[in-house]
Amino acid sequence: AWEAGLLLSVALRMFFQTNNPVWATMNEVNGGWNKTGIALGLLALADVVTRRSDEHAEVRAAKRSDLPPTAATAQRRAAWVPTGLGFGALLFTLHSMYSDSAIIGRWSWDGYPSTGPAPVPWGGLVATALAGGFSVGHRLELATGMLWWSVASAGACAITLVPGWSGFAGGLVLAAYVGSVTRSILHAVARSPPGRTFFVGVLWYNVLVLAHVWVVAYEFVPGGPLLRERTWVVMLATMLSLYAGVRAARASLVDRPGGARHTAVVTAAGPRSDRRRARGVVWAAAILGWAAMIARLPAATRSPVPFHEPERLITAAIWTVHFDLDNDMWLAENRIIDAVRDLEADVMGFLESDTERIIMGQRDWTQRVAEELGYYVDYGPSPRKHTWGCAMISKFPIVNSTHHLLPSPVGELACAIHATLDVHGRPVDVIISHNGQEENPLDRRLQTTELARIMRESMNPFIFTGYVVTKPHAENYKILYDQGRIHDIDPTDSDRWCQYIGYRGLKRVGYARVSRGTITDTEIQVGKFAVPQPGEDISAWAPSYKRVGEAHYAPEYHFPKVFRGKGVRGHFYHVFKEPRYFD
């Protein structure tokens with residue numbers, strides 16, 4: 001039941017684009033099924049409370065029959081400390097790596113051309129690997145063997161260190177291993193002192209959860225530098241703890257004190273009919289997950305269509321969404337989708353976007369945005385790269401994208417995506433970036449210098465959208481625009497600090513700033529550009545800073561009117577109160 005429940009949860013999240021509809025962060029507005037979840041929980045509680053006493057006796061008899069025989073008693077007690085450590089590591093691995101089908105795919109993602117599996121449909125392989133592991137869990141001697149743990153350790157090393165399909169394959173091996181040892185570790189827990197064992201297990205689980213956050217949040221937590229960018233340490237501790245738990249389970253379930261084997265449990269951990277029924281439920285859940293993948297495949301693989309193709313326009317925007325949460329900590333992707341749709345953004349960067357961690361819900365909200373609105377998506381640096389994330393969606397094909405970890409000797413690790421897009425038949429480069437904190441001037445200067453180098457060395461038209469943390473015309477501003485050989489979209493806009501837009505080789509049409517509404521954390525900035533014809537010489541292009549009225553351009557060039565005045569859903573043109581247009 002425990003195994004089937006996990007897989008059913010994974011399958012459910014596949015249908016709901018990685019969200020769990022009964023989460024506390026969901027409600028009726030953002031697609032939650034909270035009332036349904038409460039009703040099902042009450043039904044389950046009523047079933048337990050009203051269960052007949054003879055059924056309880058049957059359960060106790062089944063548990064007794066599941067224990068290995070010994071000369072004195074019906075069970076041997078497992079070593080509770082290693083069992084607790086193994087139990088905590090098991091909980092952590094299943095939660096951090098396999099509670100959603102997209103996690104290990106995003107761990108192994110490394111940009112375009114596609115260097116890793118897309119969540120749809122390849123998330124189905126995760127459910128298959130888990131189901132396969134759960135199905136062989138009754139073969140205790142195999143599951144608890146040193147050889148199988150060594151193979152799983154190689155898989156753990158691959159998913160931690162290797163990008164692309166090889167890393168993903170390693171994650172699948174680890175999934176099969178964790179599934180196969182789940183039953184053994186749970187049986188060992190049942191044979192251990194419950195209070196002490198669960199205390200050690202839950203404590204160790206929480207230590208691992210904190211550690212896997214410490215690796216990226218090191219600047220803000222006590223002792224953070226000890227785990228700075230050291231996901232491999234967390235994975236090593238997890239695998240050693242699993243090994244301790246598995247060996248304790250093996251000693252309790254398989255090995256006799258004199259070296260003999262408990263043959264009754266080497267191939268069986270319960271009645272054969274129960275095992276067949278359990279395997280059936282597990283595989284039914286995996287098939288349900290594949291059904292979700294197949295149902296979502298058309299939306300996930302359709303070719304996006306840019307806005308305003310005849311006018312050869314590209315609308316680029318940047319938004320720091322702070323992990324897809326609003327001011328009241330509800331999930332905000334519904335309103336993000338509405339805002340992006342209304343903006344008619346062809347390319348959009350999202351900062352602080354990596355939600356594939358336990359504290360963020362282990363979800364990939366970019367899938368829903370891309371599928372519902374029709375975009376290509378680059379998730380950005382993977383969770384194992386130790387950043388808070390920067391993602392990009394694009395209506396134009398992504399020819400190539402490189403994920404950069406910007407120089408950060410002091411503070412939090414800064415990220416950037418440098419992508420080349422096929423924009424109306426012409427290559428256009430785009431950068432999405434998030435620089436470090438105000439408190440770390442050295443980091444910000446080094447990061448800005450690196451961004452300028454990337455832009456300076458590109459020969460393509462360029463759009464920069466990023467979080468720079470500087471005043472207009474200050475030192476870092478000059479490094480970015482002068483050394484990067486780009487132009488500020490509006491150098492007269494003095495009310496900026498975090499987000500900036502720059503460009504070159506394109507004709508700037510307009511610039512707008514849109515309030516964030518109740519979605520944390522920063523406003524939306526939008527730039528609209530016209531793209532030269534393929535082969536057109538752009539070497540002599542220079543920006544014009546002459547402002548013109550909206551009527552200067554045809555309606556197709558205008559920013560959406562829905563954001564004028566009071567706007568919609570809390571989003572409206574602010575600072576200037578309206579878009580600015582340029583000759």
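The values are calculated or read from the model by the stated rules, or taken from the named source; none is laboratory data. The structure displayed is predicted, hence computed values, not measured ones. As a convention, Cβ positions derive from the backbone with ideal geometry for all residues, glycine included, and neighbour counts pool all protein chains shown. Ligands, DNA and RNA are excluded from the accessible area calculation, which covers all protein heavy atoms including side chains. Shrake-Rupley method; radii C 1.70, N 1.55, O 1.52, S 1.80 Å.
Condition first: touching a residue at least 40 places away in the same chain (Cβ under 8 Å) and on the phi > 0 side of the Ramachandran plot. Can you find one or more residues in segment 391-409 that meet it?
Taking segment 391-409 first, the residues touching a residue at least 40 places away in the same chain (Cβ under 8 Å) are 391-396, 398-404, 406-407.
Pick out the ones that are also on the phi > 0 side of the Ramachandran plot and you get none.
Within segment 391-409, none of the residues are touching a residue at least 40 places away in the same chain (Cβ under 8 Å) and on the phi > 0 side of the Ramachandran plot.
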Worksheet item: Do we have any residue at all in segment 413-432 that's part of a loop (DSSP other than H, G, I, E, B) and open to solvent by less than 10 Å² (accessible area, probe 1.4 Å)?
Response: no
* Determine if segment 506-523 includes at least one residue that is open to solvent by less than 10 Å² (accessible area, probe 1.4 Å), at pLDDT 95 or above and within 19 Å of Ala416 (Cβ to Cβ). => no
Inside segment 369-392, the number of residues satisfying the requirement of being under 30 Å from Arg445 (Cβ atoms) and either open to solvent by less than 10 Å² (accessible area, probe 1.4 Å) or part of a loop (DSSP other than H, G, I, E, B) (or both) is 13
Filtering segment 135-173 down to residues that are open to solvent by less than 10 Å² (accessible area, probe 1.4 Å) and either at positive phi or at pLDDT 95 or above (or both) yields Ala152, Gly155, Ala156, Ile159, Gly164, Gly167, Phe168, Gly170, Gly171
Within segment 293-329, residues being polar (S, T, N, Q) and not in a loop (DSSP other than H, G, I, E, B) number 3
Those residues of segment 466-496 which are closer than 25 Å to Glu412 by Cα and open to solvent by 90 Å² or more (accessible area, probe 1.4 Å) amount to Lys471, His473, Glu475, Lys478
Check your understanding: Does His552 qualify as being touching a residue at least 60 places away in the same chain (Cβ under 8 Å), open to solvent by 40 Å² or more (accessible area, probe 1.4 Å) and either more than 20 Å from Thr470 (Cβ to Cβ) or of a type in the set (Asp, Glu) (or both)?
Key -> no
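Any residue at all in segment 177-184 that is closer than 13 Å to Glu3 by Cβ, of a type in the set (D, E, K, R) and open to solvent by 30 Å² or more (accessible area, probe 1.4 Å)?
First, the residues of segment 177-184 that are closer than 13 Å to Glu3 by Cβ: 178-184.
Keeping just the survivors that are of a type in the set (D, E, K, R) gives 183.
Filter once more, so that each one left must be open to solvent by 30 Å² or more (accessible area, probe 1.4 Å): 183.
Scanning segment 177-184, I find at least one residue that is closer than 13 Å to Glu3 by Cβ, of a type in the set (D, E, K, R) and open to solvent by 30 Å² or more (accessible area, probe 1.4 Å), so the answer is yes.
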If we ask which residues in segment 546-558 are part of a loop (DSSP other than H, G, I, E, B) and within 21 Å of Arg312 (Cα to Cα), their number turns out to be 4
Practice item. Determine whether segment 457-465 contains at least one residue that is closer than 17 Å to Trp388 by Cα and modelled with pLDDT under 95. Key: no
Exercise for review: Could you tell me whether any residue of segment 211-229 is at pLDDT below 90, buried (at least 16 other Cβ atoms within 10 Å of the Cβ) and part of a loop (DSSP other than H, G, I, E, B)?
Suggested key: no
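Kindly evaluate Ala285 against the criterion of being part of a helix (DSSP H, G or I) and in contact with a Leu (Cβ under 6 Å, 6 or more places away or on another chain). Explain how you work it out, then say what you get.
Values: part of a helix (DSSP H, G or I): yes; in contact with a Leu (Cβ under 6 Å, 6 or more places away or on another chain): yes.
For Ala285, the condition - part of a helix (DSSP H, G or I) and in contact with a Leu (Cβ under 6 Å, 6 or more places away or on another chain) - is met.
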The correct count of residues that are surrounded by 13 or more Cβ atoms within 10 Å (Cβ to Cβ) and assigned to a loop (DSSP other than H, G, I, E, B) in segment 524-544 is 5
ask   = Quick check: anything in segment 481-501 under 18 Å from Met459 (Cα atoms) and β-branched (Val, Ile, Thr)?
value = yes
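Answer with yes or no whether Ile337 is in contact (Cβ under 8 Å) with a residue 24 or more places away in the chain and part of a helix (DSSP H, G or I). Spell out the reasoning first.
Numbers: in contact (Cβ under 8 Å) with a residue 24 or more places away in the chain: yes; part of a helix (DSSP H, G or I): yes.
Spelling it out, Ile337 is indeed in contact (Cβ under 8 Å) with a residue 24 or more places away in the chain and part of a helix (DSSP H, G or I).
From the list Ala248, Ala269, Ala260, exactly one residue is touching a His at 6+ places or on another chain (Cβ under 6 Å) and either modelled with pLDDT under 95 or not polar (S, T, N, Q) (or both). Which is it? Break it down into steps so the answer makes sense when it comes.
On the way: Ala248 fails: touching a His at 6+ places or on another chain (Cβ under 6 Å); Ala260 fails: touching a His at 6+ places or on another chain (Cβ under 6 Å).
Of Ala248, Ala269, Ala260, the one residue that is touching a His at 6+ places or on another chain (Cβ under 6 Å) and either modelled with pLDDT under 95 or not polar (S, T, N, Q) (or both) is Ala269.
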Apart from one, (1) in a loop (DSSP other than H, G, I, E, B); (2) closer than 23 Å to Ile336 by Cα all hold for Pro491; the odd one out is (2)
Within segment 443-452, the residues that are charged (D, E, K, R), open to solvent by less than 50 Å² (accessible area, probe 1.4 Å) and either closer than 10 Å to Asn476 by Cα or without any contact (Cβ under 8 Å) to a residue 12 or more places away in the chain (or both) are Arg444
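Tally the residues that are outside any helix (DSSP H, G or I) and without any contact (Cβ under 8 Å) to a residue 24 or more places away in the chain, restricting the search to segment 559-571. Working first, answer last.
If we filter segment 559-571 for residues that are outside any helix (DSSP H, G or I), which is where we start, we get 559-560, 564-571.
Restricting the remaining residues to those that are without any contact (Cβ under 8 Å) to a residue 24 or more places away in the chain gives 564-566.
Residues meeting the conditions: 3.
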Every listed condition ((1) open to solvent by less than 10 Å² (accessible area, probe 1.4 Å); (2) assigned to a helix (DSSP H, G or I)) holds for Ser192 save (2)
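Part of a strand (DSSP E or B) and open to solvent by less than 10 Å² (accessible area, probe 1.4 Å): is that true of Met455 in this structure?
Values: part of a strand (DSSP E or B): no; open to solvent by less than 10 Å² (accessible area, probe 1.4 Å): yes.
No, not satisfied.
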